[in-house]
Each structure stands twice: as structure tokens, then as C-alpha cells.
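The values are calculated or read from the model by the stated rules, or taken from the named source; none is laboratory data. These figures come from a predicted structure and were not determined experimentally. Backbone-built Cβ (ideal geometry, glycine too); neighbour counts: all protein chains shown. Accessible surface is based on the protein model in full, side chains and every heavy atom, while ligands, DNA and RNA are left aside. Shrake-Rupley method; radii C 1.70, N 1.55, O 1.52, S 1.80 Å.
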Amino acid sequence: MDGNGRWAERRRRPRIIGHRAGARTVNICIDFCIARGIEALTLFAFSSENWGRPEDEVGALMKLFLNALEREVEELHRRGVRVRFIGERERFSEKIRERMAAAEQQTRNNHTLHLTVAASYGGRWDIAQAARSLAADVAAGRLAPDEIDEVLIASRLSLADLPAPDLFIRTGGDTRISNFLLWQLAYTELWFTELLWPELDATTLQRALDDYGNRERRFGLTGSQVAAALSNETVE
Ligand code: FPP
């Protein structure tokens, strides 16, 4: 969700105005996913590194987050959205943690869209917490080191129950991953736009989808192997 600050600065407004506008863009993305039958949307709302921003900006973001939790969850539930949060929760206030848990509990049986908000999240943190949980099992004698493989590591990551993302969209003009879902993005298609997050609309999201639809995903195989696998799928 990159570019909120610049969006506000270009209008000579405080950065928090950009974050407020950015929070509205979240609804555009959710509407788009539901309309297109997209099953999972993961938003990188606040990174592990964002805690290092000026205190007043972090404070204003926490207020915005709490407001969104208080105002939006009921409507998301009504629309069949399952909401959950990934990241280092201990760093949030008790009130925010309670709201997060309540939103997850209320929406846990919904299936229209799996909405994940990555908050106080970092891809490196995620891999480290997976490693810690495996190490604890080894230390307790429940697991042998040579049983640790890619599947087991993936099963301890935050989004273990969802498939890896098909498409990654980054707004704001920077062409990097910035510590998002490092493990899960291994074969994800990346799509970048100069547009700032508050400028993102359904037309741009559709452009990203169309571009994604024209790509050949080979997962390390050759083009002809992929074509053969696809035609087998069609026959079956
Ligand atoms: C990135 O724009 C956006 C953020 C760091 C925060 C976005 C979060 C919300 C709008 C909702 C609040 C949610 C939580 C979980 C606190 P930027 O400020 O990096 O933009 P810039 O690159 O233009 O400076």
C-alpha cells in the first residue's frame, strides 16, 4: 500500500490524510476481488520496519487502524469476508489486539474472500518464527533435523493454509518486495505501477489482471512442458 505519504504531500496536506485516503482504497480492492471471484487478498498495511517512523505518524496510523477495525468489520462479515491478521501482534496495544482477535473470531467461517492484513509484518520475521517453532520441536525430541524440508517450513509460515499468491501488485513506483511474503513470493508474478496507493482503482487492477493473464508461468520448467501439462488438464 505504497504512496500514501506522497499523495498527501503533493496536495500539501499532512501525511495522515494520505493514509486516510489509502484506507478507502482498501475497500476498492475488496470490492474488485469479490466481483472477480478472487479468493484471497493479502494487504501489506504496516511493516516491521514501519514502527521506526516518527512517533506522531505511527500514533495516527494506530488510531486509523483501530477506527477501521471498529467500523468496517461488521460490513465485511455481512459480505462473507474472512478477515485475519499476520505479523507480530504483541507490538500492538491491547485494545487493537482484542479487536483483531474479535474480527477473526466473528468472520472465521466466511468464504467469499480471504482477506489477510499484514500488520507489524516482515517476511524475514515470518521465516524466523517458523524456524523457531521447528527448532522447539527438535529440542523437545518431536522432530529430527533431517525431517525438515520445504513443505514443513511452509507449514509453519503465517499463510500456511493458503496457496502462494499468484499476483503481487506494488503501487508507488518502487520495484522491490520490501520484506513482504519472501518465502511465498518465489514464483509469484510481480506487477508494478507508478500510481500511488490512493490512486489505485478498478481499471488499474483490471490492467494488472489482464497483464497477469498474458504471462506464461513456468515454475522452472520449459515452455513446452507447461503447455503439455495444461493440455492434459484440459483433457482431464
Ligand atoms: C505506505 O505509504 C502506507 C503505510 C505505511 C500505512 C498504510 C496503512 C493504513 C492506511 C491503515 C492503517 C493500518 C495499520 C495496520 C496500521 P507510505 O507512507 O510509505 O507512502 P510514501 O512512500 O509516499 O511515503
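List the residues whose amide H sits under 5 Å from the amide H of D2, counting only those 5 or more places along or on another chain, with H placed 1.01 Å from N in the peptide plane. So D2 has HN proximity to T171, W197. Taking a ≥ b ≥ c as the square roots of the Cα gyration tensor eigenvalues, the chain comes out oblate, since a/c reaches at least 1.5 and a/b does not exceed b/c. Mind jotting down the distance between the C-alpha centroids of region 161-215 and region 1-46, whole Å? About 13 Å separates the Cα centre of region 1-46 from the one of region 161-215.
Around the amide H of F180, modelled in the peptide plane, lie the amide H atoms of G123, all under 5 Å away and 5 or more residues distant in sequence or on another chain.
In order along region 180-196, the phi-based Karplus estimate (6.51 cos²θ - 1.76 cosθ + 1.60, θ = phi - 60°) of 3J(HN,Hα) comes to 7, 6, 4, 5, 6, 8, 3, 10, 6, 7, 9, 9, 10, 9, 6, 4, 7 Hz; Gly and Pro are listed as x. Ordering of 131-142, 64-75, 191-202 by packing is 191-202, 64-75, 131-142, highest average first (other Cβ atoms within 10 Å, averaged per residue). Backbone amide hydrogens, once placed in the peptide plane, bring L159 within less than 5 Å of nothing, excluding anything fewer than 5 places away on its chain. Shape class for region 108-236: oblate, because the ratio a/c of the largest to smallest gyration tensor axis (alpha-carbon atoms, square roots of eigenvalues) is 1.5 or more and b/c is at least a/b. The value of relative contact order for the chain, using C-alpha pairs under 8 Å at least six residues apart, is 23 percent. For region 28-35, backbone phi angles converted through the Karplus equation (6.51, -1.76, 1.60; θ = phi - 60°) give residue-by-residue couplings of 4, 5, 5, 4, 4, 4, 5, 4 Hz, Gly and Pro being listed as x. Ranking H77, H19 from most to least accessible surface, computed with a 1.4 Å probe over the protein chains only, gives H77, H19.
Solvent-accessible area assigned to carbon and sulfur over region 108-150 amounts to 52 percent, based on a 1.4 Å probe. Scalar couplings 3J(HN,Hα) for region 215-230, obtained by applying the Karplus form with A = 6.51, B = -1.76, C = 1.60 to θ = phi - 60°, are 8, 9, 9, 9, 6, x, 8, 8, x, 6, 4, 5, 4, 5, 4, 5 Hz; x denotes Gly and Pro.
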